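The values are calculated or read from the model by the stated rules, or taken from the named source; none is laboratory data. This is a predicted model, so every value here is computed, not measured. Positions of Cβ are backbone-derived with ideal geometry, glycine not excepted, and every protein chain shown enters the neighbour counts.
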Amino acid sequence: MSSHVISTPTTRTTGEPGERILRYTLGERVNHWFAAFTYSYCLITGLAFWSPYMYWLAAIVGGGPTARFWHPWLGLAFTASMFWMYQMWDRDMRITEADRRWAAAMKSYIENDDQNLPPEGRFNYGQKLFFWLMFYGIILLLISGIGLWFVEGIPWSLRWLRYLSVTVHVVAAMATIGGFIIHVYMGTAMVRGGFTSIIRGEVSTAWAKTHHRLWYEEVSKRQTPPGQAGTRR
Amino acid sequence: MAQATLQIVKISGHAGPVAGAGVERSEQLCKLIDTTTCIGCKACEVACLEWNGYTFTETSFDNSYQTMPSTAWNYWNLIKFNEHEREDGTLQLLMRKDQCMHCSDPGCLMACPADGAIVQYSNGIVDFQQQNCIGCGYCVSGCPFDIPKFNSETKKMFKCTLCSDRVGQGLEPACIKSCPTGCLHFGTKEDMSFLAESRAKQLRDHFGFEKAGVYDPAGVGGTGVIYVLHDVTNPEAYGGLPKDPHIPWVVRFWKGPAKWIGNLAMLFGVIGVTLHYFRYGPKEIHPPRNGNGGKP
Ligand code: SF4
Ligand code: SF4
């Protein structure tokens, strides 16, 4: 049973087909889905406030006033989840030499010509870009969101701050939505196995070798529980 | 809120056209405030509270006759007092009745995302419909006069209605009714503009106020509340009446081109990833071409 594998990660890394290794710990998966839920809520309600043509979205989350009430609170929860993620993945997300080589060959990745790609670590360059986009995005959304939340608290003489808050919130939200579309597409349709890995935590060794070979080599070399080695925990 | 008797011509956060807008011609209504004959008695403040059913709230003293620093969610009408030193060194006590200006081009309505939370009637009155308000505060950013005020308990926004409920029944607003000096007038925009211009001319010709004039700012398409000022070149002296008010350009951009740029970008994003799937499909898992995982 795979659930058994998850609770006690194996150290078998011989590369036999069908063998599975732990890619995301339970904490990482909970964090990811907490972030996904809170972001999606803010996305749905935010789009409702964004355009009259999408205002109906507010109805599916309880109506306009309810959507408006929860949007900032779930925004704070999403912020918290991003800092939690940062605390877990900060080191894994730093851009490395391998990333620069990979980035230079990104076209091959986009065209699914993966055999021409330099090997990547636990996260590839695209995943890292997405992480930093969301991390800095939420910092901007938080600061500007506080301005929108307490708009009357900004005195009339400093009203340019009201206008700046609107601008920053819109631009940062749009940037994160762009990343989010690509992330959901890649996590579900394009990179098969990715979606199940963020739910149950495991990937096959073949998957690990194909997509994150340096990470795979690292965890198999250490002969320690792969998931834990991958997360330094 | 007298939507039953007043024809709506603009609706906030509304997708598509406004049914019935432009089908009938309607007089634009206007309140004229002659600051030169206002004595600051605050009868209008009391009349406003009384008609709209608010009790008198605590005042805050700030070395001035003013009741409180600014209007509040339950205090829509406030006389602003300002001591103004003239060029010749003499002092002038300026009193201006502050409330919603009922802009022809209302920034509050443009900014509002909630369908029907702010409407404009064919007579020019801009009215908040609290049952549709979601309490987001966007109107606060949209208004060039800092008028909408938030009730944090009910999470609804409030401001002067120009007594749309009274006007809908053929009555004048409560403040007009209460004014003892007759400095407040109510009627059609045309009549009020004529009255205001005549009064300004009188002030220029016979009272030595050479800069007297009418405040009816064009930046917001003119307003449903106009002032006669002793010095129309310096409206800021009257409790910060903006010289050239207009809807902030950020709000215009946000509610205009940004919508379409953003929506198209999101649409192309979704179409783009879909086309990518059609063209390239999912990634295959395969052994690397050579031992070190591809190119060196
Ligand atoms: S707070 Fe203002 S902008 Fe927001 S829904 Fe209410 S009236 Fe509209
Ligand atoms: S003064 Fe402000 S609240 Fe009144 S109509 Fe104009 S923009 Fe709206």
* What single numbered condition from (1) within 14 Å of chain A (Cβ to nearest Cβ); (2) without any contact (Cβ under 8 Å) to a residue 60 or more places away in the chain fails to hold for residue B:233? -> (1)
* Asked: Can you find even one residue in segment B:76-86 that is touching a residue at least 60 places away in the same chain (Cβ under 8 Å), more than 23 Å from the chain's Cα centre (by Cα) and more than 24 Å from residue A:153 (Cα to Cα)?
  -> yes
* To do: Give B:18, B:46 a once-over and let me know the one that is at pLDDT below 95 and on the phi < 0 side of the Ramachandran plot.
  => B:18
* Just a yes or no: is a residue in segment B:112-128 within 16 Å of ligand 1 (Cβ to nearest atom), in a loop (DSSP other than H, G, I, E, B), closer than 18 Å to residue B:46 by Cα and under 16 Å from the mean Cα position of the chain (by Cα)? -> no
* From the residues in segment A:66-77 that are under 13 Å from residue B:134 (Cβ atoms) and surrounded by 19 or more Cβ atoms within 10 Å (Cβ to Cβ), which one is farthest from the other protein chains (Cβ to nearest Cβ)? -> A:71
* Among residues belonging to segment B:90-111 that are among the hydrophobic types (A, V, I, L, M, F, W, C) and touching an Asp or Glu at 6+ places or on another chain (Cβ under 9 Å), point out the one that is nearest to ligand 1 (Cβ to nearest atom). => B:94
* On the given criteria, is residue A:84 touching a residue at least 40 places away in the same chain (Cβ under 8 Å), closer than 30 Å to residue B:69 by Cα and not small (Gly, Ala, Ser)? -> no
* Hits in segment B:151-201 (condition: acidic (Asp, Glu) and in a helix (DSSP H, G or I)) -> B:165, B:190, B:191, B:197
* Has segment B:203-214 got at least one residue that is crowded, with 23+ Cβ neighbours inside 10 Å and under 22 Å from the mean Cα position of the chain (by Cα)? -> no
* Considering only segment B:133-182, how many residues are within 17 Å of the chain's Cα centre (by Cα), more than 12 Å from ligand 1 (Cβ to nearest atom) and at negative phi? -> 5
* **In segment A:78-87, the residues that are surrounded by fewer than 17 Cβ atoms within 10 Å (Cβ to Cβ) and within 20 Å of residue A:148 (Cβ to Cβ)** => A:80
* To do: Six or more apart or on different chains, Cβ under 7 Å: which pairs go from a residue in segment B:121-146 that's more than 8 Å from every other protein chain (Cβ to nearest Cβ) and without any contact (Cβ under 8 Å) to a residue 40 or more places away in the chain to one that's basic (Lys, Arg) and within 10 Å of ligand 2 (Cβ to nearest atom)? Could you list them?
  => B:128/B:159
* Filter segment B:148-164 for residues that are more than 11 Å from every other protein chain (Cβ to nearest Cβ) and surrounded by 19 or more Cβ atoms within 10 Å (Cβ to Cβ); which is farthest from ligand 2 (Cβ to nearest atom)? -> B:163
* Just wondering, is there one or more residues in segment B:106-114 that are away from ligand 2 (no atom under 13 Å from the Cβ), touching a residue at least 24 places away in the same chain (Cβ under 8 Å), farther than 18 Å from residue B:229 by Cβ and away from every other protein chain (no Cβ under 14 Å)? -> no
* Got a sec? Which helices (runs of 4 or more DSSP H) wholly within segment A:115-233 have at least 1 residues that are at pLDDT below 95, more than 24 Å from residue A:32 (Cα to Cα) and at the interface with chain B (Cβ under 10 Å from one of its Cβ atoms)? -> A:213-222
* Of the conditions (1) part of a loop (DSSP other than H, G, I, E, B); (2) under 26 Å from residue B:162 (Cβ atoms); (3) within 14 Å of chain A (Cβ to nearest Cβ), residue B:251 clears all except one; give me its number. => (1)
* Can you name the number of the only condition in (1) of a type outside the set (A, V, I, L, M); (2) over 30 Å from residue B:47 (Cβ atoms); (3) within 12 Å of chain A (Cβ to nearest Cβ) that residue B:204 fails? -> (3)
